[in-house]
Amino acid sequence: MFDRFYNQAIRKVVVAVGSLFNDVYVTRMNSDGTKKEEIRVPLAYGPKEKWIRKLRESSTDFQMELPRMSFNMTSMTYDAGRKKNTLQKRFVAGPNNTSTYSNYMEVPYNIEFDVSVMVSFIEDGLSVLEQILPYFTPEFLVSINFNDVNQNVDVPIVLSSVQMTEEYEGMVESGFRIITIDMSFTAKTHVYGPTKTSKPIQKAISTIFESEAFYNLGGSAGVSGATYALSKVTVGVTGPSGASS
């Protein structure tokens, strides 16, 4: 029943989402309003609990500083509202028109992502937010090449929620503070079946019937002949350049 194939469709969506947040900076200002420094925020895949635990258990073997960002895929849900006829096919020409690629209609899925920003100062968190929120209204389109047939497919990345939490390790006055900003995103993407390769059509024959209208004694219209046709015309269409005909 199943063919062995791997389009890497889900992996490509995960990489695309991660690339959106791979160049975020924290801007720190002086008291007079001038720029003090810019710090690139490191991004890693995984749930935020993993990085918070490592921060609390940090030792000489592992040193982690804030700010930091993390993202991870949390769920996949079938989206029936975007479903198309499964039996429809999409075709594209192969290299130099020597072959044809095709596959059946894609299957729509919504992939949920959590993106977390961990900072020590609220100002750092606000600086990160202002670099992200203006681009999501509430969606942002990314273009992905999924396979030979589906190229430059626009995938909407929808921002659904933003939440902020504040945790203290130890006493509030002297303990370590972690401010976490959690953002939820939904990628409205598709998964694709195997791609089939075939040779291009080189010849097609069509049979065309020409009907004749006439009026009988009763005044009604009809066509003549035992096959309801006066003539049969066969048209041949040849294939690529260089073929005879």
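The values are calculated or read from the model by the stated rules, or taken from the named source; none is laboratory data. Note that the structure is predicted; figures quoted are calculated from it, not measured. Because the Cβ atoms are built from the backbone with ideal geometry, glycine has one as well, and the counts that use them run over all protein chains shown. All accessible areas refer to the heavy atoms of the entire protein, side chains included, with ligands and DNA or RNA removed. Shrake-Rupley method; radii C 1.70, N 1.55, O 1.52, S 1.80 Å.
Quick one: Val191 ticks every box in (1) in contact with a helix residue (DSSP H, G or I) (Cβ under 7 Å, 6 or more places away or on another chain); (2) more than 16 Å from Val15 (Cα to Cα); (3) open to solvent by 20 Å² or more (accessible area, probe 1.4 Å) except a single one, so which number is it?
Exception for Val191: condition (2).
Determine which single condition Thr27 fails, assuming it passes every other condition in (1) modelled with pLDDT of 90 or more; (2) touching a helix residue (DSSP H, G or I) at 6+ places or on another chain (Cβ under 7 Å).
Looking at each condition in turn, Thr27 falls short on (1).
Could you check the stretch 128-171 and list, in sequence order, the residues that are more than 30 Å from Arg53 (Cβ to Cβ), of a type outside the set (Phe, Trp, Tyr) and surrounded by 13 or more Cβ atoms within 10 Å (Cβ to Cβ)?
Pro138, Glu139, Val142, Ile144, Asn147, Asp148, Val149, Asn150, Val153, Val155, Pro156
Select from the stretch 63-110 the residues that are of a type in the set (A, V, I, L, M) and closer than 30 Å to Val41 by Cβ and list them in ascending order.
Matches in the stretch 63-110: Met64, Leu66, Met69, Met73, Met76.
List, please: which pairs have Cβ atoms under 8 Å, are six or more places apart or on different chains, and start with a residue in the stretch 81-103 that is closer than 11 Å to Pro200 by Cα and end with one that is small (Gly, Ala, Ser) and open to solvent by 50 Å² or more (accessible area, probe 1.4 Å)?
Pairs found: Ser99/Ala93; Ser99/Ser198; Thr100/Ala93; Thr100/Ser198; Tyr101/Ala93.
Residues that are surrounded by fewer than 16 Cβ atoms within 10 Å (Cβ to Cβ) and under 25 Å from the mean Cα position of the chain (by Cα): which strands (runs of 3 or more DSSP E) entirely in the stretch 19-127 hold 2 or more of them?
43-45, 68-78, 89-93
So Arg56 fits all but one of (1) more than 17 Å from Glu166 (Cβ to Cβ); (2) of a type in the set (D, E, K, R); (3) modelled with pLDDT under 85; what number is the exception?
(1)
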